[in-house]
1. Among rounded, prolate and oblate, which fits the chain when a ≥ b ≥ c are the square roots of the eigenvalues of its C-alpha gyration tensor, a/c under 1.5 means rounded, and a/b larger than b/c means prolate?
2. Under a GNM of the chain (C-alpha, springs under 10 Å), which listed residue has the highest mean-square fluctuation: Ala96, Ala13, Ala49?
3. Could you compute the FRET efficiency for Asp72 and Ser122, with r as their C-beta to C-beta distance and R0 at 22 Å, rounded to 0.05?
4. What do you get for trypsin sites (Lys or Arg not before Pro) in segment 1-70 restricted to DSSP loop and a cutoff of at most 16 other Cβ within 10 Å of the site's Cβ?
5. At Glu88 and Ser29, where each label point lies 7 Å from the Cα along Cα→Cβ, what is the point-to-point distance in nanometres?
6. Can you compute the modelled spin-label distance between Asp61 and Arg109, with each label point 7 Å from Cα toward Cβ, in nm?
7. Between Leu102 and Asp15, what FRET efficiency comes out of the Förster formula 1/(1 + (r/R0)^6) with R0 = 41 Å and r the beta carbon distance, rounded to 0.05?
8. Using Cα springs under 10 Å in a Gaussian network model of the chain, which residue among Leu85, Leu28, Leu102 shows the largest mean-square fluctuation?
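The values are calculated or read from the model by the stated rules, or taken from the named source; none is laboratory data. None of the values given here were measured: they were computed from a predicted structure. Positions of Cβ are generated from backbone atoms using ideal geometry, with glycine treated the same way; all protein chains shown enter the neighbour counts. In case anyone asks, the SASA skips ligands and DNA or RNA and just uses the protein heavy atoms, side chains included. Shrake-Rupley method; radii C 1.70, N 1.55, O 1.52, S 1.80 Å.
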Amino acid sequence: VQLQASGGGLVQAGDSLRLSCTASGRTLSSSAVGWFRQAPGKEREFVAAVRWSDGVPKYTDSVKGRFTVSRDNAKNTVALQMNRLLPEDTAAYYCAAGVTTLPRSWPRRFDYWGQGTLVTVSS
């Protein structure tokens, strides 16, 4: 599966931004798509993911209540709506897909990665 992320940019603290991840090449029906981010000098971290089969999301604690992840089956896209952005949200954001082996499960790893899109939040 090929993934392409888009939507990054420069915004001010408190603003909103919407990232999009478009998938192609194979069905995502047995997958979950996640968003990860990597800030300069830091390790990559999990941000959010959505299970393709039932749309169930999961989030890291620092973005709960601010970010919303969703999928559009018809368009084969996953969106990450980011509200009330903080300077510490500044990072390169990557989308990735992983195969789920059981119904209502999450991938053990994400094997397919798109290129990053840069989000910069100024204070």
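1. Taking the square roots of the gyration eigenvalues as a ≥ b ≥ c, the chain is prolate.
2. Result for the chain, Cα springs under 10 Å: Ala13 fluctuates most.
3. Between Asp72 and Ser122 the formula returns 0.15.
4. Answer in residue order: Arg26, Lys42, Arg44, Lys64, Arg66.
5. Each label point lies 7 Å from its Cα, and together they span 4.2 nm.
6. 2.7 nm
7. After rounding to 0.05, the efficiency reads 0.60.
8. Leu102
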